[in-house]
């Protein structure tokens, strides 16, 4: 009887132990599931926040692209306007240069006429009052172009080599040299100068001779740096002024 009672008590204790173990595990599983559910909910919340941030970033990107497009359009318009202004300035400069050359050529013609009148008066003397009124304006005849301390008129310096005609019958466009207009080009041709390489080869003494013999335009070679420009053109290069002449409109 006592043994039976002992077995019953042991069985009861074993049942309690097994029940405690089973229910303890279930309780732990429930807590784990709750933790997982909480983590999942947090992840969902974070995902929604990320989606909101992504949408905001996309909106900012779209706005930035729109601003960029606007800036690029404004820049293109400004570049276009700048190009137009540069063309206008270039045209104005070309017109001013052409006007300057034309004015100088007109002055040269006046000097030539005055010199002709003076020569005529020398051959046919007139009343002193008339002679005074007709006295021509000098075009720097009395100038020491070669710097030797002696004023030699048209004998200044050394005469450069000249040509009777352009090589092959085709002269260079000397008007591409800034300072040489149509009439001065004709004068250069009359003196025997047709090509850039001729001008480019002039020495200082030869420049002095040409300066002294450009009737109505004396001193222009040195003043406008013909030799330096001619060296560039003779080598096949271009200058800002020669490009303007090639485009047309400078002397037209």
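Look at residue 190 and say whether it is within 28 Å of residue 148 (Cα to Cα) and out of contact with any strand residue (DSSP E or B) (no Cβ under 6 Å at 6 or more places or on another chain).
Yes.
When both residues are 6+ apart or on different chains and their Cβ atoms are under 9 Å apart, which pairs have a first residue that lies in segment 34-53 and is at negative phi and in a helix (DSSP H, G or I), and a second that is surrounded by 10 or more Cβ atoms within 10 Å (Cβ to Cβ) and modelled with pLDDT of 85 or more?
Going by the 9 Å Cβ cut-off, there are no qualifying pairs.
Limited to segment 146-182, what total is found for residues that are in a helix (DSSP H, G or I) and surrounded by 18 or more Cβ atoms within 10 Å (Cβ to Cβ)?
3
The values are calculated or read from the model by the stated rules, or taken from the named source; none is laboratory data. Remember, predicted model here, so these are calculated numbers, not experimental data. So basically every Cβ, Gly included, is an ideal-geometry build from the backbone, and we count neighbours across all protein chains shown.
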